[in-house]
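S.K.: First, the structure itself, so that you have it in front of you.
The values are calculated or read from the model by the stated rules, or taken from the named source; none is laboratory data. Note that the coordinates shown come from a computational prediction; the quantities given were computed from them, not determined experimentally. Cβ atoms come from the backbone with ideal geometry, glycine included; neighbour counts cover every protein chain shown.
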Amino acid sequence: MTISLWWVRRDLRLSDNQALAAALAQAETVVPVFVLDPVLLAAPEAGAKRVAFLMAGLRQLDRELRARGSRLIVRRGDPVQELQLLMAETGAEAIWAEEDVWPYARRREARVSQAMPLYLTGGLTVHPPDAVAKSDGRPYTVFTPFSRAWRSRPLPSAQSLLPAPQRLPAPPEVPSLPIPFEPALPDTVPFAPGEAEAQRLLRQFVEGEDAPIYRYARGRDRLDLDGTSHLSPYLRFGMLSARQAVVGALSAIQSAPGKEARRSAEIWLNELIWREFYMAILAHFPGVLEHSFRSEFRDMVWEGDEAAFAAWCEGRTGYPIVDAAMRQLVQTGWMPNRARMIVASFLVKDLLVDWRWGERFFMHHLVDGDPAANNGGWQWVAGTGTDAAPYFRIFNPVVQSQKADPHGIYIRRWVPELERVPAGYLHAPWKMPDDIQRRAGCRIGVDYPAPMVDHAWARERTIAAFTRARQRARGGSDSKKDDVQ
DNA sequence: TTTTGAGTTGTTCGA
DNA sequence: GTCGAACAACTCAAA
C-alpha cells in the first residue's frame, strides 16, 4: 500500500486542488498535514487577525476532511523535521504540495526537497510564473504585455476544474495537535473562513444578470458602496483557487447583459491578472522585498519620521478619508483597493515615509496580506516598482475623498468624531468656520486633528525628492541599471 | 539591430 | 461644469 503526504500551506481547499489530486492519483492513502512553523508565527508580519483567519480556516478544512472520512494532521516545529517524522510514522513515500513563490516558502521547499521526495504542483496561480515570458524567455516587467501573453495561453474552463473528492482514505493513527484557538478571530473581522464560504461569495459576485461584477468598474472606486468582491482573504489562503476565480470571471464576461457590464467583468478579470503578475515578479525578482525594483530610487532619502508614521498608523492625520481607511484596516483587517491606494499614496507622497514601513504595517494587519501583491501595490504607488505610477501622479487626498465617498458615508462610519460635520466640510474639515465647528461638536485640533501636512506643499517636496534621487543615481553610477536581486 | 509605440488606477490649468 | 492638454523622460516590448 502506498502512502503520500499532502502538505497544506496556502491551499486550504478540497476542490480544484492539484496537489491533493496528484497525491490521490499516485497513492492509496493520503495524509493531509499542516505544520505550524514557529518561525513564521513569531514573525512581526504575522499579524493576529491573519493568523486567526488561518487557524479558523484549518478547523474548517479539518471539518471538511472528516466529513469525507479523513482528517487534518497538525504538527508544530521545523517543517523539515516534522515532515520527516511524519514520513517515518506513516510510512509515506512522497510529499505533494502546491508550489509557492514567496522566498521564505521556497527556501523551505528546497530544504524539504533535499531531505525527502517532494513533488510540487501548480495552483497558486493559473499560469506558473515561468510560463508567461517574453519571446527571449525573460520575464515581463510591464503589466499590459504580461496580461496579453497571459490571456493568449489556454485558460481554465468549468470542466477543467478538479472536483472535490467525495470520499478520502483515513490516514493512519498518528499524533496530531489540536488547532490553536489563539489568537481568536475578532468579530470585527468581516470574513467567515473556509472553502464553502469562498465558493458562496464567488457565486454571489459573478452569478446572475444583476451580479456585482457587472457594476465593478464603478463600484470598486466607491468606498461607500463597497463594490469589490471581498475574495482576497480566500485567494490568500487558497480557500478559493485562482482558476476557480478566473472561471467565474470568464463566465460572467460570456453572459454579460451589456457592453458596460462586460467591461466591468473584464476589469475584475484584470485584477486577477495583476495578482498573477505580482506573483511572477516576486518569483523572478525576490529582491523587491528588500528594496525598490528600480535601482535609481534605492538611495532615496525618506524625510518622514516615526511620529508621522505613527499618526498614519493610528488614523489621526487630519485627512478624514485617510483616517477612515486606516481605522477600517486596523479594526477589520481589510480595506478596499481604492482605500489602499489613497492611504499608501498619502504615506509615501504626502509624508515622504519609506514605502517599506507601510508595506510592513499592511502585512501585519491585512487578513489577505500576501507578500507578492502587497509589495507590488506599494512599489507601484511609491513609483519605485515595475511599471510604476509616474512620479507626478500624486493623489490629492481631498479630490480622492470627494470621488470615493461623495456623501461622506464611509468617513462618518469610521471616524465618529466627524459624525455631525456638514457633508460639505467632511472631506476637508479644517475649512469649517469656528461656529460650525462648535455646532458640529468637532473643534479642529481638539476633537479631530488639524491636517498634519499641507498637500500642495507636500506634493512639491516629494517631486523634488524623487527628482534628486534620480539625478543622484544618474550622476553617481555609469551602470545603466543594476539587476534586481 | 533599430525603430516605434505604448505605458492601471491622477491632477491641474486654461479654454 | 466640462473638456483636452500638459505634466518628463524613460524603459520596455515587439515589429
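S.K.: Yes or no: the range A:102-122 includes at least one residue that is modelled with pLDDT of 95 or more, assigned to a loop (DSSP other than H, G, I, E, B) and aromatic (Phe, Trp, Tyr).
M.R.: Yes, some residue in the range A:102-122 is modelled with pLDDT of 95 or more, assigned to a loop (DSSP other than H, G, I, E, B) and aromatic (Phe, Trp, Tyr).
S.K.: Looking at the range A:347-360, can you tell me whether even one residue there is within 22 Å of A:LEU231 (Cα to Cα), within 11 Å of the chain's Cα centre (by Cα) and touching a residue at least 60 places away in the same chain (Cβ under 8 Å)?
M.R.: no
S.K.: Test A:GLN402 against the stated conditions and say whether it is more than 30 Å from A:LEU124 (Cβ to Cβ) and within 16 Å of DNA strand C (Cβ to nearest atom).
M.R.: For A:GLN402, the condition - more than 30 Å from A:LEU124 (Cβ to Cβ) and within 16 Å of DNA strand C (Cβ to nearest atom) - is met.
S.K.: Sticking with this one: Among the residues of the range A:205-261, how many are in contact with a Gly (Cβ under 7 Å, 6 or more places away or on another chain), part of a helix (DSSP H, G or I) and farther than 21 Å from A:GLY377 by Cα?
M.R.: So the answer is 3.
S.K.: In the range A:257-274, how many are free of Cβ contacts under 8 Å to residues at least 12 places away in the same chain and within 16 Å of DNA strand C (Cβ to nearest atom)?
M.R.: Here the count works out to 0.
S.K.: Follow-up question, since we're still on this one. Please pick out the residue among A:LEU225, A:LEU235, A:LEU250 that is at pLDDT 95 or above and surrounded by fewer than 21 Cβ atoms within 10 Å (Cβ to Cβ).
M.R.: A:LEU250
S.K.: Kindly provide the set of residues from the range A:421-434 that are surrounded by 12 or more Cβ atoms within 10 Å (Cβ to Cβ) and either of a type in the set (Ser, Thr, Tyr) or assigned to a loop (DSSP other than H, G, I, E, B) (or both), ordered by number.
M.R.: Passing the criteria: A:VAL421, A:PRO422, A:TYR425, A:LEU426, A:HIS427, A:ALA428, A:MET432.
S.K.: Considering only the range A:79-101, state which residues are part of a helix (DSSP H, G or I) and either among the aromatic types (Phe, Trp, Tyr) or more than 17 Å from A:PHE34 (Cβ to Cβ) (or both).
M.R.: Matches in the range A:79-101: A:ALA88 only.
S.K.: Under the condition of being within 13 Å of DNA strand B (Cβ to nearest atom) and among the hydrophobic types (A, V, I, L, M, F, W, C), which residue from the range A:147-158 is surrounded by the fewest Cβ atoms within 10 Å (Cβ to Cβ)?
M.R.: Among residues in the range A:147-158 that are within 13 Å of DNA strand B (Cβ to nearest atom) and among the hydrophobic types (A, V, I, L, M, F, W, C), the one surrounded by the fewest Cβ atoms within 10 Å (Cβ to Cβ) is A:ALA149.
S.K.: Can you tell me which of (1) outside any helix (DSSP H, G or I); (2) buried (at least 18 other Cβ atoms within 10 Å of the Cβ) is the one A:ASP299 doesn't meet?
M.R.: It fails just one condition, (2).
S.K.: Continuing with this model, one more query. Check A:ALA170 against each of (1) over 23 Å from the mean Cα position of the chain (by Cα); (2) free of Cβ contacts under 8 Å to residues at least 60 places away in the same chain and name the one condition it does not meet.
M.R.: (2)
S.K.: Specify the residue that is farthest from DNA strand B (Cβ to nearest atom); the eligible residues are those in the range A:388-423 that are among the basic types (Lys, Arg) and out of contact with any Asp or Glu (no Cβ under 6 Å at 6 or more places or on another chain).
M.R.: A:ARG420
S.K.: Let me ask another. Looking only at the range A:125-146, which residues are surrounded by 12 or more Cβ atoms within 10 Å (Cβ to Cβ), away from DNA strand B (no atom under 14 Å from the Cβ) and over 19 Å from A:ASP370 (Cα atoms)?
M.R.: Hits for the range A:125-146 are A:ALA131, A:VAL132, A:ALA133, A:PRO139.
S.K.: Any idea which of A:GLU290, A:GLU359 is closer than 23 Å to A:PHE466 by Cα and not assigned by TED's automatic domain parsing to the domain that holds A:CYS442?
M.R.: Answer to the selection: A:GLU290.
S.K.: Follow-up. Can you name the condition, by its number, that A:ILE436 falls short on among (1) touching a Pro at 6+ places or on another chain (Cβ under 7 Å); (2) free of Cβ contacts under 8 Å to residues at least 40 places away in the same chain; (3) within 21 Å of A:ARG340 (Cβ to Cβ)?
M.R.: A:ILE436 satisfies every listed condition except (3).
S.K.: Would you confirm, using the coordinates I've provided, whether A:ALA242 is closer than 26 Å to A:VAL367 by Cβ and without any contact (Cβ under 8 Å) to a residue 60 or more places away in the chain?
M.R.: For A:ALA242, the condition - closer than 26 Å to A:VAL367 by Cβ and without any contact (Cβ under 8 Å) to a residue 60 or more places away in the chain - is not met.
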